[in-house]
């Protein structure tokens, strides 16, 4: 995955006549009195156990490829779950809200996140859909300020714009 990301970013940077950036994968930790929930998008084949809170699945690359487990992703809302790649996190987490009502809205909306083909722009947002799209969609739909989210220096989150555009469409 890391190698694919580096190749993707090298090609994108060259086509856009800019320097390469670090790429980021977004996730949320939502805390409510009942516990903490990890919200993220990841591969189906990751095998994190049966109780990982899957709320949606989608195809990777092409709808037809989604017949195969290798080409499927899942969106998880995992109570007391884990972030499989949290040891690779850059920078510190950002607190986006402090109130329980916002947290509960995020948990309600996660069950309605769209699941189009990963890596494609099926929804005509101008950018591919991926894990960053899921998180930015949830931030906008739940009423938080998506513009307050800051990436670490020299980084970008491809797909972020797709989630924002789609969420604002209603």
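Read-outs throughout are calculated quantities, based only on the coordinates presented, and are distinct from any laboratory measurement. Just so it is clear, the structure is predicted and the values come from calculations on it, not from any experiment.
A few notes on this one:
- With helices as the sole contributors, the chain gives -8000 deg cm²/dmol at 222 nm; each DSSP H run of n ≥ 4 counts as -39500 (n - 2.57), and the sum is divided by every residue.
- Of the two radii for region 87-137, the radius of gyration is 1.04 times the Kirkwood radius, both from the alpha carbons; that is the Rg over Rh value.
- Potential lengthening between residue 36 and residue 121 on full extension [0.36 nm per residue; Cα-Cα distance subtracted]: 27.4 nm
- Alpha carbon centroid spacing (whole Å) that separates region 85-151 from region 1-72: 12 Å
- Whether the chain is rounded, prolate or oblate, judged on the alpha carbon gyration tensor where a/c under 1.5 counts as rounded: rounded
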